[in-house]
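Step one of this worksheet: look at the structure below.
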Amino acid sequence: MPDKHAKLSCSSSMRWINCPGSVHLSEYFPQSTSIYADEGTIAHLYLEESVKDDPQGRQAALDKAAAFYREHPEMGDSANSIRDNIDAMMAWILSEYQKEKAADPAVEVYSEQQVDLTAYIPDGFGTTDVTIARTGFIHIIDLKYGKGVPVHAEGNTQLRLYALGMLEMLDMIYDIRQIRMTIYQPRLANISTDEISASDLREWGSEVIRPAARLALSEDAPFSAGSWCQFCPARKTCRCRADHMMALENYRIKTTLTDGEIGHILGEIDDLTKWAEDLKAAALTKIQEGGDIPGWKVVEGKSNRKFKDGTEEKAIVAAARKAGFEKALLYETKMLTLSQIEKLMGKKTFTEALGQYVVKPQGKPTLAPESDKRASIIGGNAKDVFAEELPL
(Lines give C-alpha, C1' and ligand atoms only; values in the text may rest on other atoms or scores of the structure.)
Protein backbone atom coordinates (compact mmCIF):
# COMPACT_ATOMS: atom_id res chain seq x y z
CA MET A 1 0.00 0.00 0.00
CA PRO A 2 1.21 3.57 -0.71
CA ASP A 3 2.99 5.47 2.07
CA LYS A 4 3.10 8.90 0.43
CA HIS A 5 0.34 11.37 -0.29
CA ALA A 6 -0.21 13.98 -2.99
CA LYS A 7 -0.58 17.62 -1.96
CA LEU A 8 -3.86 17.69 -3.86
CA SER A 9 -4.98 14.19 -3.00
CA CYS A 10 -7.88 12.32 -4.57
CA SER A 11 -9.42 11.59 -1.18
CA SER A 12 -9.57 15.29 -0.25
CA SER A 13 -10.59 16.46 -3.74
CA MET A 14 -14.14 17.43 -2.75
CA ARG A 15 -12.60 19.83 -0.24
CA TRP A 16 -9.94 21.48 -2.39
CA ILE A 17 -12.26 21.76 -5.38
CA ASN A 18 -14.83 23.63 -3.27
CA CYS A 19 -12.44 25.39 -0.89
CA PRO A 20 -9.12 26.03 -2.68
CA GLY A 21 -7.79 28.08 0.25
CA SER A 22 -7.90 25.06 2.55
CA VAL A 23 -4.80 23.57 0.90
CA HIS A 24 -2.30 26.21 2.05
CA LEU A 25 -4.09 26.77 5.38
CA SER A 26 -3.94 23.04 6.19
CA GLU A 27 -0.14 23.13 5.98
CA TYR A 28 -0.09 24.98 9.34
CA PHE A 29 -1.87 22.11 11.08
CA PRO A 30 -0.47 18.67 11.89
CA GLN A 31 -1.75 15.76 9.83
CA SER A 32 -3.61 13.36 12.06
CA THR A 33 -4.99 9.86 11.81
CA SER A 34 -7.53 7.89 13.81
CA ILE A 35 -8.16 4.32 14.90
CA TYR A 36 -10.95 4.22 12.32
CA ALA A 37 -8.50 5.13 9.56
CA ASP A 38 -6.08 2.50 10.88
CA GLU A 39 -8.87 -0.09 10.79
CA GLY A 40 -9.63 0.86 7.18
CA THR A 41 -5.96 0.53 6.24
CA ILE A 42 -5.90 -3.05 7.53
CA ALA A 43 -9.10 -3.88 5.63
CA HIS A 44 -7.54 -2.48 2.45
CA LEU A 45 -4.42 -4.56 3.04
CA TYR A 46 -6.50 -7.74 3.34
CA LEU A 47 -8.33 -6.78 0.12
CA GLU A 48 -5.01 -6.23 -1.70
CA GLU A 49 -3.68 -9.64 -0.64
CA SER A 50 -7.00 -11.26 -1.57
CA VAL A 51 -6.92 -9.83 -5.09
CA LYS A 52 -3.35 -11.09 -5.43
CA ASP A 53 -4.60 -14.46 -4.09
CA ASP A 54 -1.73 -14.61 -1.61
CA PRO A 55 -2.70 -16.84 1.38
CA GLN A 56 0.35 -15.80 3.40
CA GLY A 57 -0.35 -12.14 2.74
CA ARG A 58 -3.99 -12.55 3.78
CA GLN A 59 -2.97 -14.27 7.00
CA ALA A 60 -0.44 -11.55 7.77
CA ALA A 61 -3.20 -8.95 7.31
CA LEU A 62 -5.52 -10.91 9.62
CA ASP A 63 -2.76 -11.17 12.22
CA LYS A 64 -2.36 -7.40 12.03
CA ALA A 65 -6.12 -7.02 12.41
CA ALA A 66 -6.18 -9.30 15.46
CA ALA A 67 -3.41 -7.28 17.11
CA PHE A 68 -5.25 -4.05 16.29
CA TYR A 69 -8.50 -5.18 17.89
CA ARG A 70 -6.67 -6.48 20.97
CA GLU A 71 -5.15 -3.03 21.36
CA HIS A 72 -8.50 -1.31 20.72
CA PRO A 73 -11.26 -3.40 22.34
CA GLU A 74 -13.45 -0.29 22.28
CA MET A 75 -13.93 -0.91 18.55
CA GLY A 76 -16.06 -3.93 19.42
CA ASP A 77 -15.00 -5.87 16.35
CA SER A 78 -12.62 -8.63 15.27
CA ALA A 79 -10.31 -9.83 12.53
CA ASN A 80 -13.01 -12.33 11.55
CA SER A 81 -15.28 -9.42 10.66
CA ILE A 82 -12.70 -7.99 8.26
CA ARG A 83 -12.22 -11.45 6.75
CA ASP A 84 -15.96 -12.01 6.27
CA ASN A 85 -16.63 -8.55 4.86
CA ILE A 86 -13.76 -8.56 2.40
CA ASP A 87 -14.34 -12.18 1.36
CA ALA A 88 -17.91 -11.15 0.48
CA MET A 89 -16.51 -8.21 -1.48
CA MET A 90 -14.13 -10.53 -3.32
CA ALA A 91 -17.05 -12.79 -4.30
CA TRP A 92 -18.80 -9.72 -5.72
CA ILE A 93 -15.65 -8.61 -7.58
CA LEU A 94 -15.32 -12.10 -9.04
CA SER A 95 -18.90 -11.99 -10.30
CA GLU A 96 -18.20 -8.62 -11.96
CA TYR A 97 -15.03 -10.04 -13.48
CA GLN A 98 -16.92 -13.02 -14.90
CA LYS A 99 -19.48 -10.70 -16.51
CA GLU A 100 -16.75 -8.74 -18.28
CA LYS A 101 -14.86 -11.90 -19.21
CA ALA A 102 -17.97 -13.11 -21.05
CA ALA A 103 -17.77 -9.91 -23.11
CA ASP A 104 -13.99 -10.02 -23.59
CA PRO A 105 -11.78 -13.01 -22.65
CA ALA A 106 -8.79 -10.64 -22.45
CA VAL A 107 -10.21 -8.90 -19.37
CA GLU A 108 -7.64 -7.92 -16.70
CA VAL A 109 -7.75 -6.98 -13.02
CA TYR A 110 -5.47 -4.29 -11.55
CA SER A 111 -4.93 -4.00 -7.78
CA GLU A 112 -3.43 -1.10 -5.80
CA GLN A 113 -2.50 0.64 -9.03
CA GLN A 114 -0.83 4.03 -8.69
CA VAL A 115 -2.09 6.39 -11.38
CA ASP A 116 -0.50 9.54 -12.78
CA LEU A 117 -2.71 12.64 -12.69
CA THR A 118 -0.13 15.25 -13.69
CA ALA A 119 -2.06 15.94 -16.90
CA TYR A 120 -4.69 17.58 -14.67
CA ILE A 121 -3.05 18.18 -11.26
CA PRO A 122 0.57 19.33 -10.75
CA ASP A 123 2.45 16.41 -9.15
CA GLY A 124 -0.89 14.64 -8.87
CA PHE A 125 -1.28 10.91 -8.36
CA GLY A 126 -3.58 8.43 -6.67
CA THR A 127 -3.92 4.73 -5.92
CA THR A 128 -6.92 2.68 -6.96
CA ASP A 129 -8.15 -0.34 -5.00
CA VAL A 130 -9.38 -2.56 -7.83
CA THR A 131 -9.91 -1.98 -11.55
CA ILE A 132 -11.45 -4.41 -14.05
CA ALA A 133 -10.52 -3.54 -17.64
CA ARG A 134 -11.55 -4.91 -21.00
CA THR A 135 -11.89 -3.57 -24.54
CA GLY A 136 -13.86 -0.31 -24.46
CA PHE A 137 -14.59 -0.41 -20.71
CA ILE A 138 -13.08 -0.08 -17.24
CA HIS A 139 -14.69 -0.56 -13.82
CA ILE A 140 -13.13 1.29 -10.85
CA ILE A 141 -13.99 -0.32 -7.49
CA ASP A 142 -13.23 1.47 -4.22
CA LEU A 143 -13.54 -0.02 -0.74
CA LYS A 144 -14.96 2.17 2.03
CA TYR A 145 -14.73 0.31 5.35
CA GLY A 146 -16.32 3.00 7.51
CA LYS A 147 -19.77 2.47 8.95
CA GLY A 148 -20.64 6.01 10.01
CA VAL A 149 -22.39 7.31 6.90
CA PRO A 150 -22.96 5.79 3.45
CA VAL A 151 -20.67 7.04 0.68
CA HIS A 152 -22.19 7.33 -2.79
CA ALA A 153 -20.54 6.97 -6.19
CA GLU A 154 -22.70 9.51 -8.04
CA GLY A 155 -20.52 12.51 -8.85
CA ASN A 156 -17.86 11.26 -6.42
CA THR A 157 -14.74 13.32 -7.22
CA GLN A 158 -12.31 10.81 -5.70
CA LEU A 159 -13.62 8.02 -7.93
CA ARG A 160 -13.59 10.26 -10.99
CA LEU A 161 -9.95 11.17 -10.40
CA TYR A 162 -9.04 7.49 -10.08
CA ALA A 163 -10.93 6.89 -13.31
CA LEU A 164 -9.06 9.72 -15.04
CA GLY A 165 -5.75 8.19 -14.01
CA MET A 166 -6.71 4.70 -15.19
CA LEU A 167 -8.05 6.16 -18.43
CA GLU A 168 -4.72 7.86 -19.09
CA MET A 169 -2.86 4.62 -18.34
CA LEU A 170 -5.05 2.07 -20.15
CA ASP A 171 -6.70 3.88 -23.05
CA MET A 172 -3.98 2.94 -25.54
CA ILE A 173 -4.53 -0.72 -24.64
CA TYR A 174 -8.31 -0.94 -24.35
CA ASP A 175 -9.66 2.03 -26.38
CA ILE A 176 -11.89 2.95 -23.42
CA ARG A 177 -15.26 4.52 -24.16
CA GLN A 178 -17.22 3.91 -20.95
CA ILE A 179 -16.26 3.96 -17.26
CA ARG A 180 -18.14 2.45 -14.34
CA MET A 181 -17.28 3.48 -10.77
CA THR A 182 -18.41 1.63 -7.66
CA ILE A 183 -18.21 2.30 -3.93
CA TYR A 184 -18.33 -0.95 -1.95
CA GLN A 185 -19.13 -0.29 1.73
CA PRO A 186 -19.65 -3.72 3.32
CA ARG A 187 -20.58 -2.75 6.86
CA LEU A 188 -23.48 -0.63 5.60
CA ALA A 189 -24.49 -3.09 2.85
CA ASN A 190 -23.92 -0.19 0.46
CA ILE A 191 -22.92 -0.84 -3.16
CA SER A 192 -23.22 2.44 -5.05
CA THR A 193 -22.41 2.73 -8.76
CA ASP A 194 -22.11 5.55 -11.28
CA GLU A 195 -21.16 5.62 -14.97
CA ILE A 196 -19.66 8.23 -17.27
CA SER A 197 -18.34 8.24 -20.82
CA ALA A 198 -14.63 8.65 -21.41
CA SER A 199 -15.23 11.89 -23.33
CA ASP A 200 -17.37 13.40 -20.54
CA LEU A 201 -14.79 12.37 -17.93
CA ARG A 202 -11.98 14.05 -19.85
CA GLU A 203 -14.10 17.17 -20.24
CA TRP A 204 -14.70 17.21 -16.47
CA GLY A 205 -10.96 16.84 -15.90
CA SER A 206 -10.18 19.75 -18.21
CA GLU A 207 -12.96 22.13 -17.21
CA VAL A 208 -13.24 21.39 -13.49
CA ILE A 209 -10.07 19.74 -12.16
CA ARG A 210 -7.34 21.68 -14.02
CA PRO A 211 -8.61 25.16 -13.03
CA ALA A 212 -9.50 24.00 -9.49
CA ALA A 213 -5.98 22.59 -9.01
CA ARG A 214 -4.35 25.79 -10.30
CA LEU A 215 -6.50 27.88 -7.98
CA ALA A 216 -5.84 25.62 -4.97
CA LEU A 217 -2.07 25.99 -5.43
CA SER A 218 -2.18 29.77 -5.89
CA GLU A 219 -1.16 32.10 -3.08
CA ASP A 220 -4.50 33.92 -2.87
CA ALA A 221 -6.79 30.91 -3.15
CA PRO A 222 -10.30 31.71 -1.83
CA PHE A 223 -12.11 29.94 1.01
CA SER A 224 -15.59 28.47 1.04
CA ALA A 225 -17.31 26.60 3.88
CA GLY A 226 -19.56 23.59 3.46
CA SER A 227 -19.92 19.89 4.16
CA TRP A 228 -16.38 19.36 2.80
CA CYS A 229 -15.03 21.02 5.97
CA GLN A 230 -15.60 17.82 7.97
CA PHE A 231 -12.11 16.35 7.53
CA CYS A 232 -10.12 19.53 6.89
CA PRO A 233 -7.09 19.82 9.21
CA ALA A 234 -7.89 23.52 9.72
CA ARG A 235 -11.61 23.01 10.43
CA LYS A 236 -11.46 23.71 14.17
CA THR A 237 -10.25 27.31 13.94
CA CYS A 238 -11.00 28.28 10.32
CA ARG A 239 -12.43 31.82 10.18
CA CYS A 240 -14.40 31.16 7.00
CA ARG A 241 -16.16 28.17 8.56
CA ALA A 242 -16.92 30.17 11.71
CA ASP A 243 -18.38 33.04 9.67
CA HIS A 244 -20.53 30.57 7.75
CA MET A 245 -21.88 29.00 10.94
CA MET A 246 -22.40 32.30 12.73
CA ALA A 247 -24.45 33.60 9.80
CA LEU A 248 -27.33 31.71 11.39
CA GLU A 249 -27.34 34.55 13.94
CA ASN A 250 -29.32 36.53 11.34
CA TYR A 251 -32.38 34.50 12.27
CA ARG A 252 -32.35 35.88 15.81
CA ILE A 253 -33.92 39.14 14.58
CA LYS A 254 -36.93 37.21 13.27
CA THR A 255 -40.12 37.08 15.34
CA THR A 256 -41.19 33.89 13.59
CA LEU A 257 -39.57 31.71 10.95
CA THR A 258 -41.02 30.84 7.57
CA ASP A 259 -41.13 27.22 6.39
CA GLY A 260 -38.33 28.02 3.95
CA GLU A 261 -36.16 29.43 6.75
CA ILE A 262 -36.80 26.35 8.91
CA GLY A 263 -35.73 24.17 6.00
CA HIS A 264 -32.53 26.17 5.57
CA ILE A 265 -31.65 25.96 9.27
CA LEU A 266 -32.34 22.20 9.34
CA GLY A 267 -29.88 21.82 6.48
CA GLU A 268 -27.19 23.53 8.55
CA ILE A 269 -27.77 21.78 11.89
CA ASP A 270 -25.48 18.77 11.32
CA ASP A 271 -22.60 20.99 10.18
CA LEU A 272 -23.30 23.41 13.04
CA THR A 273 -23.11 20.55 15.55
CA LYS A 274 -19.85 19.28 14.07
CA TRP A 275 -18.41 22.79 14.13
CA ALA A 276 -19.38 23.23 17.79
CA GLU A 277 -17.69 19.93 18.74
CA ASP A 278 -14.58 20.88 16.76
CA LEU A 279 -14.44 24.23 18.54
CA LYS A 280 -14.69 22.51 21.94
CA ALA A 281 -11.92 20.07 20.97
CA ALA A 282 -9.66 22.92 19.82
CA ALA A 283 -10.16 24.81 23.08
CA LEU A 284 -9.55 21.70 25.20
CA THR A 285 -6.31 20.94 23.36
CA LYS A 286 -5.14 24.56 23.62
CA ILE A 287 -5.62 24.69 27.40
CA GLN A 288 -4.14 21.22 27.99
CA GLU A 289 -1.04 22.32 26.11
CA GLY A 290 -0.63 25.33 28.42
CA GLY A 291 -2.53 27.91 26.41
CA ASP A 292 -5.37 30.16 27.53
CA ILE A 293 -8.94 30.45 26.30
CA PRO A 294 -10.44 33.45 28.15
CA GLY A 295 -13.38 32.43 30.30
CA TRP A 296 -12.70 28.69 30.06
CA LYS A 297 -10.77 26.04 32.00
CA VAL A 298 -10.31 22.26 31.96
CA VAL A 299 -11.94 20.33 34.81
CA GLU A 300 -12.38 16.67 35.66
CA GLY A 301 -15.42 15.22 33.91
CA LYS A 302 -17.92 12.66 35.15
CA SER A 303 -16.70 9.07 35.38
CA ASN A 304 -18.21 5.74 36.37
CA ARG A 305 -16.86 3.50 39.10
CA LYS A 306 -15.11 0.29 38.08
CA PHE A 307 -13.10 -2.48 39.72
CA LYS A 308 -9.41 -1.79 39.92
CA ASP A 309 -7.31 -2.94 36.97
CA GLY A 310 -5.91 -6.41 37.64
CA THR A 311 -8.67 -7.39 40.06
CA GLU A 312 -9.57 -11.04 39.46
CA GLU A 313 -13.19 -12.20 39.40
CA LYS A 314 -12.49 -14.90 41.95
CA ALA A 315 -11.39 -12.29 44.47
CA ILE A 316 -14.66 -10.38 43.99
CA VAL A 317 -16.66 -13.63 44.31
CA ALA A 318 -14.81 -14.65 47.46
CA ALA A 319 -15.36 -11.27 49.09
CA ALA A 320 -19.05 -11.28 48.17
CA ARG A 321 -19.56 -14.81 49.51
CA LYS A 322 -17.90 -13.79 52.75
CA ALA A 323 -20.49 -11.02 52.98
CA GLY A 324 -23.29 -13.56 52.49
CA PHE A 325 -23.94 -13.30 48.71
CA GLU A 326 -23.66 -16.47 46.65
CA LYS A 327 -21.79 -16.48 43.33
CA ALA A 328 -24.94 -16.99 41.24
CA LEU A 329 -26.29 -13.66 42.43
CA LEU A 330 -23.35 -11.83 40.87
CA TYR A 331 -24.05 -13.03 37.33
CA GLU A 332 -26.87 -12.44 34.88
CA THR A 333 -27.68 -15.28 32.50
CA LYS A 334 -29.25 -14.05 29.28
CA MET A 335 -29.07 -14.70 25.54
CA LEU A 336 -26.62 -12.79 23.41
CA THR A 337 -28.05 -9.99 21.27
CA LEU A 338 -28.95 -10.61 17.62
CA SER A 339 -25.79 -8.84 16.42
CA GLN A 340 -23.62 -10.80 18.86
CA ILE A 341 -25.12 -14.11 17.68
CA GLU A 342 -24.61 -13.13 14.01
CA LYS A 343 -20.97 -12.25 14.72
CA LEU A 344 -20.54 -15.57 16.55
CA MET A 345 -22.08 -17.68 13.77
CA GLY A 346 -21.06 -15.67 10.72
CA LYS A 347 -23.59 -13.97 8.42
CA LYS A 348 -24.19 -16.92 6.11
CA THR A 349 -24.76 -19.51 8.86
CA PHE A 350 -26.82 -17.04 10.86
CA THR A 351 -29.13 -16.38 7.90
CA GLU A 352 -29.53 -20.08 7.14
CA ALA A 353 -30.16 -21.12 10.74
CA LEU A 354 -32.00 -18.16 12.25
CA GLY A 355 -33.13 -15.99 9.35
CA GLN A 356 -36.73 -17.23 9.69
CA TYR A 357 -36.90 -15.72 13.19
CA VAL A 358 -35.55 -12.29 12.24
CA VAL A 359 -37.72 -9.31 11.41
CA LYS A 360 -36.76 -5.69 10.75
CA PRO A 361 -39.46 -3.37 12.15
CA GLN A 362 -40.31 -0.14 10.37
CA GLY A 363 -37.97 2.60 11.48
CA LYS A 364 -39.15 5.60 13.46
CA PRO A 365 -40.04 8.59 11.21
CA THR A 366 -36.90 10.67 10.77
CA LEU A 367 -36.21 13.97 9.04
CA ALA A 368 -33.91 13.79 6.01
CA PRO A 369 -32.97 16.19 3.19
CA GLU A 370 -34.68 15.74 -0.18
CA SER A 371 -31.39 14.46 -1.61
CA ASP A 372 -31.56 11.41 0.72
CA LYS A 373 -32.01 8.21 -1.29
CA ARG A 374 -34.64 6.75 1.04
CA ALA A 375 -38.24 7.01 -0.10
CA SER A 376 -40.62 9.40 1.64
CA ILE A 377 -42.99 7.57 3.99
CA ILE A 378 -45.54 10.37 4.30
CA GLY A 379 -48.18 10.59 1.61
CA GLY A 380 -49.67 13.87 2.75
CA ASN A 381 -51.09 13.01 6.18
CA ALA A 382 -48.57 12.93 9.01
CA LYS A 383 -51.25 12.25 11.62
CA ASP A 384 -51.29 8.50 11.02
CA VAL A 385 -47.49 8.20 10.94
CA PHE A 386 -47.01 9.99 14.23
CA ALA A 387 -50.18 8.67 15.89
CA GLU A 388 -48.30 6.73 18.56
CA GLU A 389 -45.97 9.62 19.35
CA LEU A 390 -48.45 12.49 19.14
CA PRO A 391 -52.10 11.44 19.64
CA LEU A 392 -54.12 14.11 17.84
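The values are calculated or read from the model by the stated rules, or taken from the named source; none is laboratory data. No experiment lies behind these values; they were computed from the predicted model shown. When we count neighbours, we look across all protein chains shown, and the Cβ atoms used for this are built from the backbone with ideal geometry, even at glycine. Each accessible area value is taken on the protein alone, full model and side chains, heavy atoms only, with ligands, DNA and RNA left out. Shrake-Rupley method; radii C 1.70, N 1.55, O 1.52, S 1.80 Å.
Suppose a student asked you for the relative contact order of region 163-263, using Cα pairs under 8 Å spaced at least 6 residues apart; what percent would you report? Across region 163-263, relative contact order equals 15 percent. For region 159-258, the alpha carbon convex hull comes to 212 Å³ per residue, rounded to a whole number.
Using the alpha carbons alone, the radius of gyration of region 86-234 stands to its Kirkwood radius in an Rg to Rh ratio of 0.99.
The mean sequence separation of alpha-carbon pairs under 8 Å and at least six residues apart, normalised by the residue count of the chain, gives a relative contact order of 15 percent.
Along the axis of the charge dipole computed for the chain (Cβ charges of +1 for Lys and Arg, -1 for Asp and Glu, origin at the Cα centre), the listed residues GLN114, GLY301, LEU248 are led at the positive end by GLY301.
Measuring only protein heavy atoms, the 1.4 Å probe finds MET169 accessible over about 70 Å².
In Å², and per residue, what accessible area does region 57-110 have when probed at 1.4 Å with the other protein chains present? Intermediate results must be reported in sequence, preceding the final value.
Details: 2900 Å² over 54 residues.
I get 54 Å² per residue for region 57-110.
If you wrap the Cα atoms of region 237-291 in a convex hull and average its projected area over all directions, you get 4.5 nm². Distances between every pair of Cα atoms in region 95-159, grouped in 10 Å steps from 0 to the bin holding the largest one, split as 17, 40, 35, 8 percent.
How big is the gap, in Å, between the Cα center of region 302-338 and the Cα center of region 147-187? Cα centres, region 302-338 to region 147-187: 52 Å. Placing a pseudo-label 7 Å from each Cα along the Cα-to-Cβ vector at ALA67 and TYR357 gives an inter-label distance of 3.9 nm. To the nearest 10, the accessible area of CYS232 is 10 Å² with a 1.4 Å probe.
Pairwise Cα distances in region 126-206 exceed 17 Å in 41 percent of cases. Taken over the C-alpha atoms, the chain has Rg and Dmax values of 25.7, 82 angstrom. Trypsin sites (Lys or Arg not before Pro) within region 247-346: which are DSSP loop residues with at most 16 other Cβ atoms inside 10 Å? Passing both the DSSP loop test and the Cβ count: LYS254, LYS297, LYS302, ARG305, LYS306, LYS308, LYS334. By a 1.4 Å probe calculation restricted to protein chains, ILE35 has an accessible surface near 40 Å², given to the nearest 10.
Return the percentage of antiparallel bridges among DSSP beta bridges fully within the chain, rounded to the nearest 5 %. Please list the in-between numbers first.
Details: 21 of 28 bridges.
Here the share of antiparallel DSSP bridges comes out near 75 percent.
The chymotrypsin sites (Phe, Trp or Tyr not before Pro) of region 284-331 that meet both conditions, a loop assignment by DSSP and at most 10 other Cβ atoms within 10 Å of the site Cβ, are PHE307, TYR331. Once Lys and Arg get +1 and Asp and Glu get -1 on their Cβ, which of LEU8, LEU257, ILE93 lies farthest toward the positive end of the dipole of the chain? Most positive-ward Cα: LEU257. Among the GluC sites (Glu not before Pro) found in region 173-255, those both in a DSSP coil and sparsely packed, with 12 or fewer other Cβ atoms within 10 Å of their Cβ, are GLU219.
When the C-alpha to C-alpha distance is required to be over 27 Å, the pairs from LYS236/LYS373; LYS144/LYS274; LYS334/LYS373; LYS99/LYS144; LYS306/LYS334 that qualify are LYS236/LYS373; LYS334/LYS373. With both labels modelled 7 Å from their Cα along Cα-to-Cβ, the LYS348 to GLN98 distance reads 1.3 nm.
Normalised by residue count, region 58-126 yields a Cα convex hull volume of 158 Å³ per residue.
Largest first, how would ILE265, ILE82 line up by accessible area (1.4 Å probe)?
Numbers: ILE265 40, ILE82 0 Å².
Ranked from most to least accessible, the order is ILE265, ILE82.
Remark on region 262-363: ratio of C-alpha radius of gyration to 2.2 N^0.38 Å is 1.92. Carbon-plus-sulfur accessible fraction, the chain (probe radius 1.4 Å, protein heavy atoms only): 54%.
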